[in-house]
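Following: one structure in structure tokens, then a few remarks.
Where a number appears in this text, it was derived from the coordinates with a stated rule and is not lab data. Everything numeric in this text was worked out from a predicted model, so none of it was measured. Glycine gets a Cβ as well: all are built from the backbone with ideal geometry, and neighbour counts include every protein chain shown.
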Amino acid sequence: MDFMPWYFVTTEKNIILFKFDLCYINLCMGLLVKISEQIKSLRKEKNLSQEKLAYKIEIDRKYASLIEKGKTNLSVEYLKKICDGLDIKLSDFFRNIDE
């Protein structure tokens, strides 16, 4: 049996459920696109190139590009790394997503 607790993040219209043990957020495509756009927007506000952000958080630039294009699901770990690299709290990141 699986006894790992579920954690959730709420937005105005959605509840996102995830498990820290698996570290994957399964998102509907619309929300994944919004998250990707939010990452790109925040990165540009900070005047960071994809390459500089990727270097700062120690991920491959090609993976950073896939994230910003909404072509890959994110683990909680990588989303946290991105938020840290952008100097924003994970909870604030979700608060700022326009529904």
Which distance in Å, rounded to a whole number, links the C-alpha centroids of the range 31-49 and the range 53-99?
-> 8 Å
Would you calculate the separation in nanometres between label points at L48 and N73, each defined as 7 Å from the Cα along the Cα-to-beta-carbon direction?
-> 2.5 nm
